[in-house]
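Data first, discussion second: the structure below is written as structure tokens.
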Amino acid sequence: RGRGRWCSRSCSGRGIILTCSIVLALFVGALHMLPEDASHQTFSKAKDKSVGQALKKRETVQEDVRRPRPPAVASSILNKIPSDMRASINASADPCTDFYEFSCGRWLERTSIPSWQSSWAKQWDGVTTDVEHKTVQALHKDPGPAGVFFRSCMDTPTIQKLGNAPLKPWLHAVELVKDHPSFMQSLARFALSDMTVFFGWWVDADSVDSSINSFFIAQGGITMPDRSYYLDSSKSMAKRRLAFKTMVLNIMQLAGRTRAEAVDDANNVMEVETAIAKAMKDNTAERDEHGERTSVSELQQLVPSIDWKEWLRTLGCPDVGSGNGRHLIVKNKEFLKQVEALIKSAGYAKIKSYLRWQAVYSFAPYLSFPFEDELVRYNNEIYGISQLPPRW
């Protein structure tokens with residue numbers, strides 16, 4: 001049955017091929033019967049015609065490129081738009097067809113992503129850059145603490161001479177962590193210096209009444225961008241984890257640790273941060289959660305390993321969550337339960353490696369060039385960034 005169908009198709013195909021061959025032979029024969037000049041002229045005319053059409057089309061395209069396209073929107077309307085916004089507009093684009101090209105086309109043509117950024121947005125980054133420039137101009141002349149601090153950060157010759165010396169007070173403080181009271185002191189000191197360890201915190205609009213601010217406690221405490229960098233089993237994420245461990249190893253040696261100590265630190269940091277990542281919600285779920293108003297006593301029951309009253313007192317807000325002050329909002333209570341289990345099970349050796357790393361990593365961008373070099377290598381692997389942002 002199958003063979004018969006094949007034969008039928010084969011025979012009809014042969015007939016078509018034979019017919020085409022006869023037609024082609026007759027056409028070639030007719031050409032040979034023409035005078036040589038005539039056949040040559042026939043092909044020449046055809047060739048000249050096609051080439052001429054192509055050249056004419058090319059000239060038309062080039063002329064269209066050279067000729068400015070008329071604005072798709074009347075100039076009387078464009079002139080009503082503020083000049084800084086108008087500079088970004090591609091007036092030749094029809095906003096009814098492609099509004100993005102109309103509103104941002106010229107900006108896209110003129111703008112490149114800075115080498116220290118993985119992306120660049122006109123609305124946020126452009127405004128930030130303008131504010132930075134104005135702030136720097138003011139700091140250069142400021143005689144107060146802000147100006148002194150700024151100029152010390154810009155004094156790169158002194159920074160190179162100091163090397164890892166600015167880290168010593170922090171590394172010494174971590175070495176003092178031997179029991180629960182010393183751990184609590186370290187935890188509060190890190191929070192007071194805006195270092196996120198084991199969990200995150202901030203002040204923001206209340207989740208119920210946006211007219212007031214409240215104190216939030218939520219998931220946090222990892223170095224890499226999100227939990228997937230620790231948990232995703234793909235080859236690309238495994239490569240990034242290796243880059244992270246390599247950075248920890250190298251930076252901890254720059255901080256003064258021996259290679260053996262730095263290896264232990266790198267392994268401990270990866271273990272602790274992976275445990276924290278496992279306790280986290282993914283970015284979408286975390287963003288959608290508004291959190292719950294919670295009292296300090298309820299938080300104490302949730303995470304008894306942390307003396308929350310003392311922690312809040314050290315931060316300068318002892319009345320938060322007490323009923324007499326700002327509301328305390330807790331996001332992802334299950335995360336805090338797992339952090340409680342981690343603090344109990346990890347042991348102080350691993351906790352100290354984690355604290356030590358968080359201190360060193362927080363200050364690394366402001367230290368000597370070897371620290372910067374390690375950060376650049378890591379950021380290039382993770383984000384494709386080839387240099388750190390300017391110090392100013």
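The values are calculated or read from the model by the stated rules, or taken from the named source; none is laboratory data. The model shown is predicted, which means the values in this text are computed figures rather than measured ones. Because the Cβ atoms are built from the backbone with ideal geometry, glycine has one as well, and the counts that use them run over all protein chains shown. Side chains included, ligands, DNA and RNA excluded: accessible areas come from the protein's heavy atoms. Shrake-Rupley method; radii C 1.70, N 1.55, O 1.52, S 1.80 Å.
Of the residues contained in the stretch 226-245, one or more are found to be surrounded by fewer than 21 Cβ atoms within 10 Å (Cβ to Cβ), farther than 28 Å from Asn332 by Cα and touching a residue at least 60 places away in the same chain (Cβ under 8 Å).
Of the residues Asp282, Asp209, only one is under 19 Å from the mean Cα position of the chain (by Cα), over 25 Å from Phe363 (Cβ atoms) and either open to solvent by 30 Å² or more (accessible area, probe 1.4 Å) or in contact (Cβ under 8 Å) with a residue 12 or more places away in the chain (or both); which? Write out each step before concluding.
Values: Asp209 fails: under 19 Å from the mean Cα position of the chain (by Cα).
Within the list Asp282, Asp209, the selection yields Asp282.
Has the stretch 307-323 got at least one residue that is within 30 Å of the chain's Cα centre (by Cα) and assigned to a helix (DSSP H, G or I)? For the stretch 307-323, residues within 30 Å of the chain's Cα centre (by Cα) and assigned to a helix (DSSP H, G or I): absent.
For the stretch 340-363, the count of residues that are touching a Lys or Arg at 6+ places or on another chain (Cβ under 9 Å), open to solvent by 60 Å² or more (accessible area, probe 1.4 Å), of a type outside the set (Gly, Ala, Ser) and more than 21 Å from Thr274 (Cβ to Cβ) is zero. Among the residues here, Ile89 qualifies as open to solvent by less than 50 Å² (accessible area, probe 1.4 Å), touching a Cys at 6+ places or on another chain (Cβ under 9 Å) and aliphatic (A, V, I, L, M).
Among the residues of the stretch 296-306, just one is exposed (fewer than 15 other Cβ atoms within 10 Å of the Cβ) and either outside any helix (DSSP H, G or I) or touching a His at 6+ places or on another chain (Cβ under 9 Å) (or both), namely Pro304. Out of curiosity, is Lys178 farther than 15 Å from Tyr354 by Cα and either touching a helix residue (DSSP H, G or I) at 6+ places or on another chain (Cβ under 7 Å) or open to solvent by 20 Å² or more (accessible area, probe 1.4 Å) (or both)? When the stated conditions are applied, Lys178 does not pass them. Within the stretch 346-390, being touching a residue at least 60 places away in the same chain (Cβ under 8 Å) and of a type in the set (Gly, Ala, Ser) holds for Ala346, Ala349, Ser353, Ala359, Ser362, Ala364, Ser368, Gly384, Ser386.
For the structure I just gave you, tell me whether Gly316 is under 15 Å from Phe215 (Cβ atoms) and open to solvent by less than 30 Å² (accessible area, probe 1.4 Å). The answer is no for Gly316.
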